[in-house]
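These notes concern the structure reproduced below.
The values are calculated or read from the model by the stated rules, or taken from the named source; none is laboratory data. Note that the structure is predicted; figures quoted are calculated from it, not measured. Cβ placement follows ideal geometry from the backbone for every residue including glycine, while neighbour counts extend to all protein chains displayed.
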Amino acid sequence: MPHDVGMILLNKDVLKLAEQQFGVLARHQLCRSVTAGQVDGLVERGSLVRIHRGVYRVAGGAVLPIQEPLAAALRCRPDATLTGPLVLGYLRVDGFTDTSPYEVLLRPGRRVRASSFTTRVDPYPDRAVTRLGDVRLVAPVDALIDSGRWRDELGDRRLRLAYDWLRWRGLVDPGRVRDLLRERAGIDEGARQFLDLLGGLEGLVPESEGERDLGSLLGRFDPAPEPQVRLPNGLRLDWFFPTVALAVEYQGSVDHDTVAGRARDEQRRSKLAHDDIGVFEVRRRDLDDPDGLIRELAGVMAVRAAGRDVAPPRYRLR
């Protein structure tokens with residue numbers, strides 16, 4: 001908070017709220033501490049800068065992109081909720097920032113006129129939310145599904161990577177995503193678009209616990225591999241590091257520990273080698289020693305990177 005004589009009038013609770021809301025305060029919040037006339041005085045003096053009707057930024061602090069959507073939600077009270085790619089940006093999902101698009105979900109029966117931002121009635125007003133001060137944000141799974149509304153703008157790859165980023169970090173559960181998509185696809189545009197880009201529910205859930213564990217490890221490389229990559233020759237890769245042209249494949253015993261399965265794997269490796277794509281295969285037992293697995297994978301990528309005169313992906317400890 002800036003050192004302004006007028007702002008000293010605000011009590012500790014309101015000052016704490018301003019900090020939680022990145023320096024944004026609504027008139028009704030300010031009036032918990034001062035009179036309406038005093039709020040007008042702070043505005044006239046320039047201590048408060050209007051963002052939206054009845055919502056202000058505390059002057060002297062940093063001007064941040066996230067302040068505008070927070071102000072929009074406060075403008076739409078009560079119980080307005082932010083959703084969309086902006087929320088993924090707040091969660092630091094790769095490819096999203098606090099300048100990403102958003103919309104404000106309104107409580108049923110509420111209308112907001114003459115707004116410069118997108119609103120719609122919240123079809124699920126009892127959904128779980130998180131908060132920044134008094135501002136409500138949808139849970140990660142809802143932000144992900146609602147972001148499907150911006151599919152044309154964001155592109156399928158960015159949305160698919162967002163799903164894997166959240167899944168690998170345990171912020172969304174594939175079963176929960178599946179249930180919500182099945183429930184909402186017939187009535188919700190975001191769910192319909194997201195389900196379409198996945199290629200149906202079968203493109204949503206990893207085939208095994210081992211594949212989920214491997215995905216968690218691979219997600220800590222920078223840059224992270226691209227999941228579920230389909231090549232022009234029709235082959236689909238579990239994960240692909242494009243800079244070093246390396247596919248990482250999880251070898252489940254059911255599909256690969258048979259004569260037919262091994263023959264298919266050999267044919268697949270030959271096709272990939274023809275396109276100069278290497279294959280690093282992982283089995284369940286390899287995941288019992290994750291440190292050893294990562295060292296081996298990093299070594300393979302270092303060799304391939306040296307042959308291409310590029311930097312290999314780096315593993316982040318945390």
Set Glu296, Glu249: member being over 29 Å from Asp173 (Cβ atoms), charged (D, E, K, R) and modelled with pLDDT of 90 or more: Glu296
Unmet criterion (only one of (1) surrounded by fewer than 20 Cβ atoms within 10 Å (Cβ to Cβ); (2) within 22 Å of Leu132 (Cβ to Cβ); (3) of a type in the set (D, E, K, R)) for Asp40: (2)
Test: residue in the stretch 45-54 that is under 30 Å from Pro223 (Cβ atoms) and touching a residue at least 12 places away in the same chain (Cβ under 8 Å): no
Which listed residue is in the same structural domain as Gln251 (by TED's automatic domain parsing) and either crowded, with 16+ Cβ neighbours inside 10 Å or among the small types (Gly, Ala, Ser) (or both), from Val282, Val310: Val282
Among (1) more than 30 Å from Arg151 (Cα to Cα); (2) in contact with a strand residue (DSSP E or B) (Cβ under 6 Å, 6 or more places away or on another chain); (3) buried (at least 23 other Cβ atoms within 10 Å of the Cβ) - the single one Ala71 does not satisfy: (1)
Close pairs (9 angstrom Cβ cut-off, 6 or more residues apart or separate chains): in contact (Cβ under 8 Å) with a residue 40 or more places away in the chain in the stretch 276-301, in a strand (DSSP E or B) and β-branched (Val, Ile, Thr) anywhere: Val282/Val248; Leu293/Val282; Leu297/Val248; Leu297/Val282
Of the criteria (1) over 25 Å from the mean Cα position of the chain (by Cα); (2) closer than 26 Å to Leu171 by Cα, which one Ile66 fails: (1)
Helices (runs of 4 or more DSSP H) contained in the stretch 70-174 and holding at least 2 residues closer than 22 Å to Phe22 by Cβ: 85-90, 140-146
Residue pairs meeting the criteria (Cβ under 8 Å; at least 6 apart or on separate chains; first farther than 14 Å from Ser216 by Cβ, in the stretch 158-170; second buried (at least 22 other Cβ atoms within 10 Å of the Cβ) and of a type in the set (S, T, N, Q)): Leu159/Ser147; Ala162/Ser147
Residues of the stretch 8-63 classified as at positive phi and over 27 Å from the mean Cα position of the chain (by Cα), total: 3
Criterion (outside any strand (DSSP E or B) and at pLDDT 90 or above) met by exactly one of Arg264, Arg192, Arg212, Arg268: Arg192
